[in-house]
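Chemist: This is the structure, below, for whatever I ask next.
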Amino acid sequence: MGKLDALWQYQQAELALDALENKVKATPARAKLNKLHSFLTEQQAQISSIQKQMDARQAALAKLSAQFEELAHKYELEVSEFAAMENDPECTAAEMTESRKALEALQDQLGLAKRDIFDTFHWVEKTTADYKDRFTKAGHAKKDYDAARIACEEELAAAQPEIDAARAEAEKQKALVEPALLTRYAAVKTHHTVPMATVENNQCSGCRMSLPTVVVKKVASGTGPVECENCGRILYTPRA
Ligand SMILES: [Zn+2]
């Protein structure tokens, strides 16, 4: 067996291992798990954003209530002042008008403050319902997620012996390859998932580029690694 044959065997063993590992990652249970994970992450972000908005609105509500109390107090004072003026014979019509204007202005401010409080209250109520709804949905999703995770763990446990065997085989094949060749293989692997390509009809099977006869012959001789000039894969001619 030539040294490239050993490398080829190693690549086949490694591809078999990759295929087994990818199979476990591509099951319906895993797809469900990934989908639920994204959903939960999104919901958690939304929930924490709602919490922040709620805190801000609650603080605003407290402030609005305090303002309202203050205005109401001012209004009461103004009302009793107006009543006193009405009973005061020395009070002029101009003074009465001014006091009435002040009362009206306060009434307007109270009306606005009341509306602000009502709007904020309404928002808090609506948002609380939305929050509860999201929380419930996230709770259900979390249950589904946990179930999917267990299913995935079971699938992995079931596949594990086969994966372990494939890994052991890959390690065994790896040990038979010259270290220098392995280094080269690893370097090509950074660009290509499958670093070796066979020569078929004088073409590189990796990129379909036609190869010069001298290259084809050199590869066939199996004397040393030859990389495809176009894609850089290590060329290989399987032994008949
Ligand atoms: Zn190529």
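A short reminder: the numbers here are calculations on the coordinates, not readings from a lab. Since the structure is predicted, the reported quantities are computational estimates derived from the model, not experimental observations. As a convention, Cβ positions derive from the backbone with ideal geometry for all residues, glycine included, and neighbour counts pool all protein chains shown.
Chemist: Looking at ALA84, SER221, GLN203, which one has the Cα that reaches farthest to the positive end of the dipole of the chain (charges on Cβ: Lys, Arg +1; Asp, Glu -1)?
Modeler: Checking the options against the dipole of the chain, the answer is SER221.
Chemist: Going by amide H atoms built from the backbone, whose H comes under 5 Å of the H on LEU235, apart from near neighbours?
Modeler: So LEU235 has HN proximity to ALA197, VAL226, GLU227, CYS228.
Chemist: Please order THR136, THR127, THR190 by the number of other Cβ within 10 Å, starting at the fewest.
Modeler: So the residues, fewest neighbours to most, are THR190, THR136, THR127.
Chemist: For a label point 7 Å from the Cα of GLN44 along Cα→C-beta, name the residues of the range 130-165 whose backbone N is under 18 Å from it.
Modeler: Residues passing the 18 Å test: 134-150.
Chemist: Please report, largest first and rounded to whole Å, the three semi-axes of the ellipsoid equivalent to the range 136-239, where each semi-axis is the square root of five times an eigenvalue of the C-alpha gyration tensor. Before the final figure, lay out the partial values.
Modeler: On the way: eigenvalues 368, 66, 26 Å².
Values for the range 136-239, descending: 43, 18, 11 Å.
Chemist: Now for a separate question. Rank THR27, SER99, MET54 by how far each Cα sits towards the positive end of the charge dipole of the chain (+1 on Lys, Arg Cβ; -1 on Asp, Glu Cβ) and give me just the farthest.
Modeler: THR27
Chemist: To continue, here is another question. Rounded to the nearest 20 debye, what is the charge dipole size of the range 33-78 about its Cα centre when +1 sits on each Lys and Arg Cβ and -1 on each Asp and Glu Cβ?
Modeler: Working: 5 positive and 6 negative charges, 78 e Å.
Roughly 380 debye, rounded to the nearest 20.
Chemist: Measure nothing fancy, just the Cα-based angle from helix 179-189's long axis to the longest principal axis of the chain, in degrees from 0 to 90, nearest 10.
Modeler: So the helix axis and the longest Cα principal axis differ by about 40 degrees.
Chemist: Something else: Could you grab the Rg to Rh ratio for the range 1-99? Cα atoms only, Kirkwood for Rh.
Modeler: On the way: Rg = 38.8 Å, Rh = 21.8 Å.
On the Cα set of the range 1-99, Rg over Rh gives 1.78.
Chemist: Working from the pairwise distances between different alpha carbons, so that the mean of 1/r is found and then inverted, what is the range 181-236's Kirkwood radius in Å? Before the final figure, lay out the partial values.
Modeler: Working: mean 1/r = 0.0907 Å⁻¹.
For the range 181-236, the Kirkwood estimate is 11.0 Å.
Chemist: Here is a further query. For the chain, which cysteines have no disulfide-compatible partner, meaning no other cysteine Cβ under 4.7 Å?
Modeler: Unpaired cysteines in the chain: CYS91, CYS152.
Chemist: On to the next question. May I ask you to sort HIS122, HIS37 by Cβ crowding, counting other Cβ atoms within 10 Å and putting the fewest first?
Modeler: Ranked by crowding around the Cβ, least crowded first: HIS122, HIS37.
Chemist: Between the helical axis of 28-86 and the dominant principal axis of the chain, each derived from Cα atoms, what acute angle in degrees is found, rounded to the nearest 10?
Modeler: It is inclined by approximately 10 degrees.
Chemist: Against the longest alpha carbon principal axis of the chain, how many degrees, from 0 to 90 and to the nearest 10, is the axis of helix 93-175 turned?
Modeler: 20
Chemist: Each label point is 7 Å from the Cα along the Cα-to-Cβ direction; what then is the distance between the points at ASP119 and LEU15, in nm?
Modeler: About 6.7 nm separates the two model spin labels.
Chemist: Can you sort CYS207, CYS152 so the residue with the fewest Cβ neighbours within 10 Å comes first? Working shown, then result.
Modeler: Working: CYS207 14, CYS152 19.
Neighbour counts put them in this order, fewest first: CYS207, CYS152.
Chemist: I would also like to ask the following. Would you list, by chain and number, the lysines whose Cα falls below 23 Å from the Cα of LYS52, excluding same-chain residues fewer than 8 positions away?
Modeler: LYS63, LYS126, LYS132, LYS137, LYS142
Chemist: For the chain, go through all pairs of different Cα atoms, get the mean of 1/r, take its inverse, and jot down that Kirkwood value in Å.
Modeler: Details: mean 1/r = 0.0385 Å⁻¹.
Result for the chain, one decimal place: 26.0 Å.
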